[in-house]
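Worksheet: one structure, shown below.
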Amino acid sequence: MSGKEWDLRRHVQEVPTDAFGDLIFTGLGQKIGKYVRVSSSTPPRVIFQLMTQHWGLDIPNLLISVTGGAKNFNMKLRLKNIFRRGLVKVAQTTGAWIITGGSHAGVMKQVGEAVRDFSMSSSCKGEIITIGVATWGTVHNRNSLICPTAIVGQELGNILSN
């Protein structure tokens, strides 16, 4: 920064969120997901309350966190099928939430495709909750996720600040 130190207090300003709502996943039978932009300082209990009390998600019996690099890689078909079937079966039978980095690359892409294929299967019973946690700067077309209704944003901001 041309010789100046970067100061979090001076360069970052927190305001009630203006980015939240529903996402429609086309090609998946019009599946609808929810999203919200939160501060890194938002307490996890507040986000959990939003997800369970306001979005209506069942409290999970298990959290499955799938982490790894966003670098694409080739996985042998047999291993890919074992990974996908195992992940879906564990999530489905335990009432788990699957948490990833939220991108469409690397192991996160494998998780997304596994859940997509499960959701499109005619024999699927129930729903698998998948949560992507991505930094705002990595979200493609993020400006389209900002809500034009400031009043509703203020209400959600109040929920998140409690």
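Computed from the coordinates by the stated procedures, all read-outs in this text should not be read as laboratory data. Here the structure is a predicted model, which is why all the values come from computation and not from measurement. Glycine also receives a Cβ, built like all others from the backbone with ideal geometry; neighbour counts cover every protein chain displayed.
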Whole-Hz ³J(HN,Hα) from phi, Karplus 6.51 cos²θ - 1.76 cosθ + 1.60, for segment 108-118, glycine and proline x: 5, 5, 4, 5, x, 5, 4, 5, 4, 4, 4
Values of log10 I(q)/I(0), in the order q = 0.09, 0.12, 0.17, 0.20 Å⁻¹, for segment 9-151 under a Debye, Cα-only, solvent-free model: -0.32, -0.56, -1.11, -1.47
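Efficiency by 1/(1 + (r/R0)^6): what FRET value for residue 71 and residue 22, r their Cβ-Cβ distance, R0 = 25 Å, to the nearest 0.05?
Details: r = 31 Å, r/R0 = 1.22.
After rounding to 0.05, the efficiency reads 0.25.
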Amide H within-cut-off set for residue 131, under 5 Å, with H built and near neighbours excluded: 98, 99, 100
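Take the alpha carbon gyration tensor of segment 36-113, find the square roots of its eigenvalues, order them as a ≥ b ≥ c, and report rounded if a/c is under 1.5; if not, report prolate when a/b exceeds b/c, else oblate. Before the final figure, lay out each step's value.
Details: a/c = 3.25, a/b = 1.56, b/c = 2.09.
Cα axes put segment 36-113 in the oblate bin.
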Amide proton proximity set for residue 147, modelled H, under 5 Å, gap of 5+: 19, 20
